[in-house]
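The values are calculated or read from the model by the stated rules, or taken from the named source; none is laboratory data. In this text, all values refer to a predicted model and were calculated from it rather than measured experimentally. Every residue, glycine among them, receives a Cβ derived from its backbone with ideal geometry; neighbour counts consider all protein chains shown. Surface areas here come from the heavy atoms of the whole protein model, side chains and all, with no ligands, DNA or RNA. Shrake-Rupley method; radii C 1.70, N 1.55, O 1.52, S 1.80 Å.
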Amino acid sequence: MHLQAFSPFPSSAALKQFQASITGNVVFFVRHHLYKWKSHIRIGMDGKFVGGQFSPKKLRGGRRCFSRSIGGASISCSNSMGKDLYVPSNEKIINARLIYAVAPAMGHNQESHPESNFRVPAIVNALEKMELTPKIRGSEIIELHNIKPASVDDIVSVHARAYVSGLEKAMDQASQEGIIFIDGSGPTYATSTTFHESLVAAGAGITLVDSVVAASKICLDPPVGFALIRPPGHHAIPKGPMGFCVFGNVAIAARYAQRVHGLKRVFIIDFDVHHGNGTNDAFYDDPDIFFLSTHQDGSYPGTGKVDEVGHGDGEGTTLNLPLPGGSGDIAMTTVFDEVIVPCAQRFKPDIILVSAGYDGHVLDPLASLQFTTGTYYTLASNIKQLAKDLCGGRCVFFLEGGYNLDSLSCSVADSFRAFLGERSLASEFDNPAILYDEPSTKVKQVIQRVKHIHSL
């Protein structure tokens, strides 16, 4: 990507496309005593935050790794110092049921844009109010405070080096103009901090992979990881940004898991309301990474048809299931039981990564599915169990979409409860009166078609 490709304003056509995709207004209001963000992410020897901006020194470099076989997978992990400064100690991690990292990208923001810097703080505020933090729960929940930013080498395992270097150079333009638009189809914007904060977001996912793998070596039921990060990633294609997304966080983590930990077979579940076209494209011809996406049929970006199944050696390891508008809890439960579980069982993954988009919620303004907070609780609980059954419990969630702050934060909080094995509190938030009958015939038809194509 070249600097000239960046425009300070999106095209009128792009704005019209964006506006047309919004079915309701996103209203953001901030109570400063609730959402004032005090960055507690510490960057160790490899970089630091100064005045709210990240100043890189030497980013993630090569590591000396050792290997061992655990649960059928060859797992490699260590660093040249013999002690990973970014992974919790064995004493801490052995009792944990959930481990999460927060990278809110506070400098990456455009006023009135749905993908704003209010999103992650809203989740953190909800977790604190609902007493789902280490301060209250002690050793069963760990928050990572040391996040090592991803290196350029980590990023180019998925993205074109020309795009990565072009984006870094464009930060000078962003510093001068405040906001630039790096892709018109979202529109996807960038500020002067976007490049470095995107490295931190990807690094948070990588650090959680390290932590979950470390835990899987010492306990049979390791904690689930959750990267509360932005910018999101699943639309970012290998050649550039797209649809609010800058770097493909889950794709980068998948390649890292393979390269550093020897986890060859990676199963990616994407339940965002929009098709994860970037992840889809990154692994379309790769037989060792299974990408499974459920999304609303006809929604942005218009990809993810049932006949998109992979190419060459990767044929059969991409599964796209476009759900009709109005699909809800019944549809998703059926999809999980009849499609996701048998696919994962047949694939035999070494780790499960999840693009966790919460924009399928009935209250979300950018789509028209009928997922509820309870839907997300069930998904989180079932995916955790699937990972325990198939790959030693190794599982990391990555925040993708979700633009109604209330439904987003409550749904993530209920996902946390699922990871902890606690009962759902969805009934205190969900309102069944606003739901209508799901299009059960259409749902059944698309599920049957997918099962036929993939011989399930």
Exposure ranking of K135, K239, K217, K388 by accessible area [1.4 Å probe, largest first]: K135, K239, K388, K217
Segment L425-I94, length gained on full extension (0.36 nm per residue, minus Cα span): 116.5 nm
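Assign one of three labels to the stretch 310-456, namely rounded, prolate or oblate, based on the Cα gyration tensor with a ≥ b ≥ c the square roots of its eigenvalues; rounded applies when a/c is under 1.5, prolate when it is not and a/b is larger than b/c, and oblate otherwise.
Details: a/c = 1.90, a/b = 1.25, b/c = 1.52.
In terms of gyration-tensor shape, oblate.
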Rg/Rh ratio calculated on Cα atoms of the stretch 220-309 (Kirkwood radius): 0.97
Alpha carbon centroid spacing (whole Å) that separates the stretch 265-305 from the stretch 408-448: 21 Å
Length gained when the stretch L456-L220 is fully extended (0.36 nm per residue, less Cα-Cα span): 82.0 nm
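If you scale each eigenvalue of the Cα gyration tensor by 5 and take the root, what three semi-axes come out for the stretch 134-289, rounded to whole angstrom and sorted largest first?
On the way: eigenvalues 153, 73, 39 Å².
Sorted largest first and rounded, they come to 28, 19, 14 Å.
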Virtual spin-label span in nm between Q173 and Y436, 7 Å along Cα→Cβ: 4.4 nm
1.4 Å probe accessible area per residue over the stretch 100-242, in Å²: 29 Å²
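May I ask you to order 364-374, 446-456 by the average number of other C-beta atoms within 10 Å around their residues, highest value first?
On the way: 364-374: 23.7, 446-456: 15.4.
For the peptides 364-374, 446-456, the packing ranking is 364-374, 446-456.
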Taking N as its residue count, the alpha carbon Rg of the stretch 392-452 over 2.2 N^0.38 Å: 1.50
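Cα-Cα over 24 Å: which of K305/K444; K348/K384; K264/K305; K239/K305; K217/K388; K148/K384? Before the final figure, lay out the partial values.
Numbers: K305/K444 16 Å; K348/K384 15 Å; K264/K305 27 Å; K239/K305 21 Å; K217/K388 13 Å; K148/K384 26 Å.
Pairs exceeding 24 Å: K264/K305; K148/K384.
Taking all protein chains in place and a 1.4 Å probe, what share, in percent, of the accessible surface of the stretch 214-354 do carbon and sulfur account for?
On the way: 1950 of 3770 Å².
Percent of accessible area from carbon and sulfur atoms in the stretch 214-354: 52.
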